[in-house]
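What follows is calculated from the coordinates using simple rules that are stated; it is not laboratory data. No experiment lies behind these values; they were computed from the predicted model shown. Heads up, the Cβs are rebuilt from the backbone with ideal geometry, glycines too, and the neighbour counts pull from every protein chain shown.
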Amino acid sequence: MYTAIQHLHSYWAYLVLLIVVLATFNAIIKSAGKKPFVAHDFRISLFALIVMHLQLLIGLVLYFVSPYFSAFSEVGMGGVMKDETLRLYLVEHPTTMILAIVFITMGYSKHKKKLSSSKKFKTISIFYAIALILLLSRIPWQAWF
């Protein structure tokens, strides 16, 4: 079961990364070009929000069925923090990804309250770009390649 969830989480991450990059650059480019905010732009930002939240759910299941999770009871938090791999998978990756999801959720929620297209795009650009930077900073690249 662990391996199946791990593969799902890993392959879904490619989709997440693609959609978040698309949503971020769509907002940046259209903001710079002073384009109107249309339904297509709304759908892209919404889809980024949805795939990120689904990834969170998959990641939470993976976190608790992972063999790394038993390390908490075996070595304690001090031991986890001393081990680079355990720290990445049990502390840094989950915390950073949750923060990225928070930024995407905030950006999506705040953009809906804006009335002008430029403010909508600016809000999405800022929050989604911060989320993208967080995503890229804590993806376990060695596990991907």
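Values for this structure:
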| read-out | value |
| --- | --- |
| Cα-Cα separations in the range 2-144 greater than 17 Å, expressed as whole percent | 61 |
| CD proxy at 222 nm, helix term only [per DSSP H run n ≥ 4: -39500 (n - 2.57); per residue of the chain; nearest 500] | -28000 deg cm²/dmol |
| Cα gyration tensor shape for the range 47-108, rounded if a/c is under 1.5, else prolate or oblate | prolate |
| The chain: angle of helix 117-138 to the longest principal axis, Cα-based, in degrees nearest 10 | 20 |
| Close Lys-Lys pairs in the range 2-144, where close means Cα under 14 Å and separation is 8 or more or interchain | 16 |
| The chain - charge dipole about Cα centre, Lys and Arg +1 at Cβ, Asp and Glu -1, debye rounded to 20 | 1140 |
| Selected from THR105, PRO36, GLY79, residue furthest toward positive end of dipole (the range 30-126; charges at beta carbon) | PRO36 |
